[in-house]
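Throughout, read-outs are computed from the coordinates displayed, never taken from laboratory work. Just so we're clear, the structure is a prediction, and the values are computed from it rather than from any experiment. With ideal geometry, Cβ positions are generated from the backbone for all residues, glycine too; neighbour counts draw on all protein chains shown.
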Amino acid sequence: MSFFSSLLSRRPLSGNVRGIAWMLVTGMLFVAVTVTVRYLGTTMNPIQAAFIRYCFGLVIILPLLSRAGLLGLTWRRVGFHGLRGLIHGGGVMLWFLAMSRIPIAEVTALGFTTPIFATLGAALFLNERFRSYRLVVILVGFLGALLILRPGFRVIDIGAFAQLAAAPLFACSYLMVKSATHKESSAMIVVLLSIFCTLTLAAPALWVWRPPTLHELMLLATTAMLATAGHYCMTRALAAAEVSAVQPFTFLQLVWATLFGLILFDEHPDFWIWIGGAVIVGAATWMAQKEVRALRSEARSP
């Protein structure tokens, strides 16, 4: 049975299969965020744009406050989520800078280093069982990204360096989410990220502030809705499955990002982007088949 047919079957899905499904939705939402941020990148400072996006995100998640259970948090847990907000906020600022300077496909490809950091970090710090085929998928996916970028054959923009710096920060944030899912609800995690990211971005945003236009505000509100939904889906994915099982499926974002870049921004993908994308999709598909086979094998075990 394939991964997709297992999703359509009536049998209960394993945690890893549910996590993969949530991560696929997460990827589509984050690519939609990428498109709107790319459109904004030429008119607004990326730090200000990131701050306004999280302000809108706070408004969107207000209905979650009543069931988030914030009053039950200890100061130690508040500090944990505050640190995550600081780390994630730094990554967001760097990512917005990258989006304002380099093509969507390049930003997405460089972001593929995030799953590598996250998967290795999960094995080192979360004591997750590390199956060998997951490492193979991650390495093959990273190879696909390198085929797209072809380092050493062109001048690297500061936006590329910004994205490379953002990758380990996002990986650390994702690992902290996985740790937090054992103690807090998905709603609480999303609420706390929005609060602390907004606080992290406030001072830098005020330093570069200019009055935004109505059009920019509408785009940022859309970005906030998509990103908040994406973070919720990502949290559900990490709560259901091991980090190393779901992270390889973020590689599929490259295909969607390349298509949007072509259709909306006339960013024509070259031959190597399609070759790299095929490598990545093939690796992710093989990974899905291995996960389903592992599920069937465990079900047959006494």
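Output the peptides 30-42, 208-220 sorted from most to least packed, where packing is the average of other Cβ atoms within 10 Å over each peptide's residues.
Those peptides, ordered most packed to least, come out 30-42, 208-220.
In whole Hz, what ³J(HN,Hα) sequence does region 139-146 give by Karplus (6.51, -1.76, 1.60; θ = phi - 60°), x for Gly and Pro?
Once rounded to whole Hz, the list reads 5, 5, x, 5, 4, x, 5, 5.
What number results when the radius of gyration of region 14-297, computed over Cα atoms, is divided by 2.2 N^0.38 Å?
0.97
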